[in-house]
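Nothing in this text is a laboratory measurement; each read-out follows from the coordinates by a stated rule. Remember, it's a predicted structure, so these values are computed and weren't measured experimentally. Cβ: placed from backbone, ideal geometry, glycine included. Neighbour counts: every protein chain shown.
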Amino acid sequence: MIKKIGILTGGESSERKISLKSYIAIEKACNELGYTTKRIIIDGNAQKIIPELIGVDYVFIALHGGKGENGVIQGLLDSLNILYNGSGVLASSLGMEKSLMKQLVRSYGIQTPDWKVITDINDGKNYIPNEFPIVVKPSADGSTMGLSFVRKQSEIADAVELADKYNGDIMIENYIEGRELTVTIIGQQVLPIVEIIPKHKFYDYECKYEKGMSEYICPAELSKELTNKIKNIALNIFNILQCGGYARADFILDKNNNPWFLEINTLPGMTATSLVPKSAMAASISFNNLVQMIINESLKK
Ligand SMILES: Nc1ncnc2c1ncn2[C@@H]1O[C@H](COP(=O)(O)OP(=O)(O)O)[C@@H](O)[C@H]1O
Ligand SMILES: [Mg+2]
């Protein structure tokens with residue numbers, strides 16, 4: 001029986017601030033659900049958390065991005081035999097590497113925008129795409145950090161230089177114009193689809209985290225058939241990547257109603273206003289119930 005939950009927060013990724021907010025919401029929910037909680041802040045050396053885990057029965061990882069989401073912390077907890085929320089090492093690592101996860105899901109016939117990986121920054125700066133616009137992004141970062149929309153050749157060098165400052169290789173991806181959708185999976189249940197209407201061209205950092213910078217529609221206004229089709233694709237991706245517990249997949253729906261998979265987030269934001277709780281709410285799942293469901297899922301591991 002779980003009595004004491006250690007909640008990991010902080011971290012050094014670009015999403016540290018969001019992690020601190022997720023922590024507040026998760027702590028409140030855990031306490032209301034009757035669990036005792038302990039806040040464990042990660043700064044730098046993750047090994048330092050080991051002594052803090054004594055007496056903790058379960059860890060809720062409220063980290064986003066970096067070592068918290070890419071399998072490193074998951075591996076540490078596995079080696080200590082401590083249960084935690086969400087995906088294990090393999091899916092966490094894959095979910096943090098856009099190029100590899102795209103490659104894998106494409107091999108199962110799932111549609112994802114064409115892309116190219118650039119390992120040498122000079123090759124990237126001189127890269128001549130077949131068409132414009134394109135998107136340049138780092139393969140292993142989040143929160144739309146280091147991502148650029150590139151309309152013409154003269155904009156490529158700056159975009160490549162920016163993406164290079166973030167984690168992973170540089171990815172050059174076809175731009176898909178369309179509606180932005182995100183799909184939450186918990187267990188094998190797919191929650192109502194959220195449509196995001198950002199104020200900017202992209203769902204960027206500001207649109208993601210600043211109040212009023214995006215409009216959210218949940219359930220998204222899509223036909224029943226299309227809704228089911230997208231939900232099935234999302235669940236399929238979740239299973240192909242061997243995700244565990246819960247995750248959130250991002251898509252662009254083009255004007256012909258074709259969904260294009262962008263990425264899956266294995267530790268999606270859990271602030272009170274994040275997308276996963278929004279989607280849960282549309283399925284009449286309160287934030288507290290959502291947290292309980294996430295914990296229950298990890299007990300099935
Ligand atoms: N190929 C693309 N076509 C159109 N929009 C894109 C594309 N790639 C990214 N975007 C926009 O940028 C946002 C962030 O991209 P995403 O690949 O999901 O990375 P992140 O991990 O930073 O969320 C998306 O939510 C979308 O608004
Ligand atoms: Mg995304």
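When region 196-221 is filtered for residues that are under 24 Å from VAL150 (Cβ atoms) and part of a strand (DSSP E or B), the ones remaining, listed by number, are ILE196, ILE197, PRO198, SER214. Within region 168-191, being more than 8 Å from ligand 1 (Cβ to nearest atom), assigned to a loop (DSSP other than H, G, I, E, B) and more than 30 Å from MET293 (Cβ to Cβ) holds for GLY168, ASP169. Exactly one residue out of ILE82, ILE128, ILE172, ILE121 is crowded, with 16+ Cβ neighbours inside 10 Å and among the β-branched types (Val, Ile, Thr), and it is ILE172.
One residue stands out among those in region 235-251 that are buried (at least 19 other Cβ atoms within 10 Å of the Cβ) and not in a loop (DSSP other than H, G, I, E, B): the one that is nearest to ligand 2 (Cβ to nearest atom), which is ASP250.
Of all residues in region 266-289, those satisfying the criterion of being over 17 Å from the mean Cα position of the chain (by Cα) and at negative phi are MET281, ALA282, ALA283, ILE285, SER286, PHE287, ASN288, ASN289.
Can you tell me which residue in region 196-229 is farthest from ILE176 (Cα to Cα), limited to those that are among the acidic types (Asp, Glu) and away from ligand 2 (no atom under 14 Å from the Cβ)? That would be GLU210. Within region 263-301, the set of residues being within 16 Å of ligand 2 (Cβ to nearest atom), under 15 Å from VAL183 (Cα atoms) and touching a helix residue (DSSP H, G or I) at 6+ places or on another chain (Cβ under 8 Å) comprises GLU263, ILE264, ASN265, THR266, LEU267, PRO268, GLY269, MET270, SER274, VAL276. When the residues of region 177-194 are filtered to those that are touching a strand residue (DSSP E or B) at 6+ places or on another chain (Cβ under 7 Å) and more than 14 Å from ligand 2 (Cβ to nearest atom), the one that is farthest from PHE287 (Cα to Cα) is GLU177.
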